[in-house]
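**Q** One structure coming up, written as structure tokens, with questions to follow.
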Amino acid sequence: MNDVKFRGLTKEGKWVYGSLLAFDINRTYIVERQEDVVEVLPETVGQYTGRKEIYDGDRVSFTVFDHNGIDSQYTGVVYYDERDLAWNIRCETAVFSLGSVMTEDDELKVIGNIYEEAKI
């Protein structure tokens, strides 16, 4: 069974992980431990995918192996697709199922995330 957990970025730029506690659109908190409630930037909150410490908004690099023996490298962003009810990876030219990619490429790497990159 997968853990349901979240991460969020504080105003100071620190990632915190735990349960999500949202009072309204302007005040969102992550409960790290039972006694630690930390305010995070609402737009940076991402849910854990249940796989290899990958979260919503993570940028990943992976290889797709086709039936003709050609390996193609991709970089994309992980997101939850409400229509498919599944975690997917959106690349420039295609969308891939996170589950399928992880089944085929055990070297999938998290190379960043859209929240920290937006601050640069």
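Computed from the coordinates by the stated procedures, all read-outs in this text should not be read as laboratory data. Quick caveat, the model's predicted, so the values are computed rather than measured. Don't worry about glycine lacking a Cβ; one is built from the backbone with ideal geometry, like all the others, and counts go over all protein chains shown.
**Q** Please report, in debye to the nearest 20, how large the charge dipole of the chain is about its Cα centre when each Lys and Arg carries +1 at its beta carbon and each Asp and Glu carries -1 there.
**A** Around 280 debye, computed over the chain.
**Q** Taking the Cα-to-Cβ direction at residue 5 and at residue 114 and moving 7 Å from each Cα, how far apart do the two end points lie in nm?
**A** Label at residue 5, label at residue 114, 2.3 nm between them.
**Q** So what is the relative contact order for the chain, in percent, with contacts set as C-alpha pairs under 8 Å and at least six apart?
**A** 19 percent
**Q** On to the next question. Would you work out which of 46, 30, 60 lies farthest towards the positive end of the dipole of the stretch 24-64, given +1 charges on the beta-carbon of Lys and Arg and -1 on that of Asp and Glu, about the Cα centre?
**A** The listed residue farthest towards the positive side: 60.
**Q** For the chain, how big is the tail of P(r) above 22 Å, as a whole percent of Cα pairs?
**A** The proportion of pairs with Cα distances above 22 Å equals 39 percent.
**Q** At 20 °C and a viscosity of 1.002 mPa s, what translational diffusion coefficient does Stokes-Einstein give for the stretch 58-119, taking Rh as the Kirkwood radius over Cα pairs? Give it in µm²/s as a whole number.
**A** Rounded to a whole number, D works out at 176 µm²/s.
**Q** Tell me the trypsin sites (Lys or Arg not before Pro) within the stretch 31-120 that lie in a loop according to DSSP and have at most 10 other beta-carbon atoms within 10 Å.
**A** Those that pass, being in a loop and sparsely packed, are 83.
**Q** Relative to the Cα centre, what is the charge dipole magnitude of the stretch 58-119, using +1 at the beta carbon of each Lys and Arg, -1 at the beta carbon of each Asp and Glu, and rounding to the nearest 20 debye?
**A** 220 debye
**Q** For the chain, what is the mean residue ellipticity at 222 nm derived from helices alone (per DSSP H run of n ≥ 4: -39500 (n - 2.57); sum divided by total residues; nearest 500 deg cm²/dmol)?
**A** -2500 deg cm²/dmol
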